[in-house]
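Colleague: Questions regarding the structure given below will be posed in turn.
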Amino acid sequence: MTAARPAATGTAEPGGGKPRRRAIVVLVGTALVALLADLVTKHLALLTLDDRGPVRLLGGVVYLTLTRNSGAAWSIGSGHTWVFPLITIAVIGWILWMALKLRSLPWAVSLGLVLGGALGNLTDRIFRAPGHFVGHVVDMISLFDPYGQVWPVFNLADSALVSGVVLAVLLELTGRQRDGRRAGHRVEPDDATDATDGADATDGATPPATSSGSGHDLRVRIRWRPPVAARPGRPRRHAAGPGRVPALRALPHRCRRAGRRR
């Protein structure tokens, strides 16, 4: 007899170390690209658009015009500029908390865009005039109107924020979770034990005998031994070919009787 293999727990941990590291790398890389693109475009806008009229592009679909915004979209909350850095810091903390269980690459891109956009505008709030945590954000892109009458003037940080939020909403609607699974998918406990049961059957062992009715399982596992040479006056034992398992008595007391008769 051989000892039975330990039973599987029936739970499968989603992902592993490599998927998590890959997701973190994608998140950080996306955030850095969004942040650097925002800082470069703001620097170029300050160099080329200051003291200059709006630049018309794509037949009037896009205008480049330099503005400094102390509030949110359409200058909402201009008198409470200090609130926006606090909100941005809270958003960054939420993203870092979400990253603890992050293994999904689409979620990594989404959170990276939000993080890069938040850091881009937070940089303006902290380091630009008129002072720390009350700085004005540099905007330069306007749609369909040179002065933001149709759509508020924005920058690449705003674009990254909106794109990341839209992607996050789509991922939620499609049931994709941060750990790489889909909502509603559950790993059945029997699925984890099927592989171990199949491996034991190929080892030449009889399946475990289970008692019923008492509520307790009696698992007996007997390993088949290869046939031995026949003795004089005694018939040869049944020889099993490759892949064949001879019929064995599964009950323990019958096995002991057979051993005494030998």
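Colleague: What residue, of Arg52, Arg125, Arg68, is under 34 Å from the mean Cα position of the chain (by Cα), of a type outside the set (Asp, Glu) and either over 30 Å from Pro19 (Cα atoms) or outside any helix (DSSP H, G or I) (or both)?
Modeller: Numbers: Arg52 fails: under 34 Å from the mean Cα position of the chain (by Cα); Arg68 fails: under 34 Å from the mean Cα position of the chain (by Cα).
Going through Arg52, Arg125, Arg68 in turn, just one is under 34 Å from the mean Cα position of the chain (by Cα), of a type outside the set (Asp, Glu) and either over 30 Å from Pro19 (Cα atoms) or outside any helix (DSSP H, G or I) (or both): Arg125.
Colleague: Here's a follow-up. Which of the residues belonging to the range 82-96 are out of contact with any Phe, Trp or Tyr (no Cβ under 9 Å at 6 or more places or on another chain) and not hydrophobic (A, V, I, L, M, F, W, C)?
Modeller: Thr88, Gly93
Colleague: Consider Gly148 against the criteria (1) modelled with pLDDT under 95; (2) among the small types (Gly, Ala, Ser); (3) over 27 Å from Leu27 (Cα atoms); (4) not in a loop (DSSP other than H, G, I, E, B): it satisfies all of them except one. Which criterion is unmet?
Modeller: Here Gly148 clears every test but (4).
Colleague: Quick one: count up the residues across the range 96-108 that are surrounded by fewer than 19 Cβ atoms within 10 Å (Cβ to Cβ) and touching a residue at least 24 places away in the same chain (Cβ under 8 Å). Working first, answer last.
Modeller: Restricting attention to the range 96-108, the residues satisfying the condition of being surrounded by fewer than 19 Cβ atoms within 10 Å (Cβ to Cβ) are 96-98, 100-101, 105-106.
Going one step further and asking which of them are touching a residue at least 24 places away in the same chain (Cβ under 8 Å), we end up with 98, 101, 105-106.
Within the range 96-108, residues that are surrounded by fewer than 19 Cβ atoms within 10 Å (Cβ to Cβ) and touching a residue at least 24 places away in the same chain (Cβ under 8 Å) number 4.
Colleague: Further question: So Asn121 passes all but one of these: (1) out of contact with any strand residue (DSSP E or B) (no Cβ under 8 Å at 6 or more places or on another chain); (2) under 15 Å from Ala37 (Cβ atoms). Which condition number does it fail?
Modeller: Asn121 satisfies every listed condition except (1).
Colleague: Could you pull out the residue among Arg52, Arg68 that is over 30 Å from Gln177 (Cβ atoms), in contact with a His (Cβ under 6 Å, 6 or more places away or on another chain) and either without any contact (Cβ under 8 Å) to a residue 12 or more places away in the chain or among the charged types (D, E, K, R) (or both)? Spell out the reasoning first.
Modeller: Details: Arg52 fails: in contact with a His (Cβ under 6 Å, 6 or more places away or on another chain).
Answer to the check: Arg68.
Colleague: With respect to Gly59, is the statement that it is closer than 19 Å to Leu143 by Cβ, at pLDDT below 95 and exposed (fewer than 15 other Cβ atoms within 10 Å of the Cβ) true?
Modeller: Values: closer than 19 Å to Leu143 by Cβ: yes; at pLDDT below 95: yes; exposed (fewer than 15 other Cβ atoms within 10 Å of the Cβ): yes.
Considered against the rule, which asks whether it is closer than 19 Å to Leu143 by Cβ, at pLDDT below 95 and exposed (fewer than 15 other Cβ atoms within 10 Å of the Cβ), Gly59 comes out as yes.
Colleague: Test Leu111 against the stated conditions and say whether it is crowded, with 20+ Cβ neighbours inside 10 Å and on the phi < 0 side of the Ramachandran plot. Can you show your working first?
Modeller: Values: crowded, with 20+ Cβ neighbours inside 10 Å: yes; on the phi < 0 side of the Ramachandran plot: yes.
So Leu111 passes the test.
The values are calculated or read from the model by the stated rules, or taken from the named source; none is laboratory data. Quick caveat: nothing in here was measured; it's all calculated off a predicted structure. Cβ sites come from the backbone with ideal geometry, for glycine too, and all protein chains shown count toward neighbours.
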